[in-house]
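K.L.:
One structure coming up, written as structure tokens, with questions to follow.
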Amino acid sequence: MTHLALFLTNDPDVLMSYGMWAFLSVGAVSLFVVFIPLVSWIDARRKEREAFYKADTIRRLTEASGEGAKAAMELLREDDRLQRIKALEGLKIGGVITMAVGVALTIFLGSQRSGGLGEGYLVGLIPGFIGAAMLVYVFFLAAPVDRQGGK
């Protein structure tokens, strides 16, 4: 291909443009055809393996003795509690970030106003109110998570 580019023109910039094009093309193909499906497949295998080991552990606990069923139920409760805590913490950080984006957008658009362009800076209130709603849900509306693992 480089011979074709040199044959069509004697300009060395064309050859450099071809090199950049080839680099970006190979990079895009590598990313979308190889890397993303590979990472998705590895993540799916990890989740499948975790679910299998968890199910196997619970099965062994229930078969072990009379106390095994109680231990298995406690394990399930604790896992559910940890998942709920993780979800609420994710909503907290998401709400804080979204509110910060809203405030920053309001300040930015307010500083860009010049001579009667309207009230465009109020657009920043949209993500601000979304973040506030997320925080209100987390702190006031969501069911509290038990601290002792369901007791």
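K.L.:
Going by what's in this entry, would residue 97 be described as at pLDDT 95 or above, assigned by TED's automatic domain parsing to the domain that holds residue 131 and in a helix (DSSP H, G or I)?
P.N.:
yes
K.L.:
I need the full set of residues from segment 57-83 which are of a type in the set (Ser, Thr, Tyr) and over 30 Å from the mean Cα position of the chain (by Cα), in order please.
P.N.:
62, 65
K.L.:
I'm checking my understanding of the structure. Among residues of segment 1-57 that are within 30 Å of residue 71 (Cβ to Cβ) and of a type in the set (Ser, Thr, Tyr), which one is modelled with the lowest pLDDT?
P.N.:
57
The values are calculated or read from the model by the stated rules, or taken from the named source; none is laboratory data. Fair warning: this is a prediction, and the values are worked out from it, not measured in the lab. FYI the Cβ positions are ideal-geometry reconstructions off the backbone, even for glycines, and counts take in every protein chain you see.
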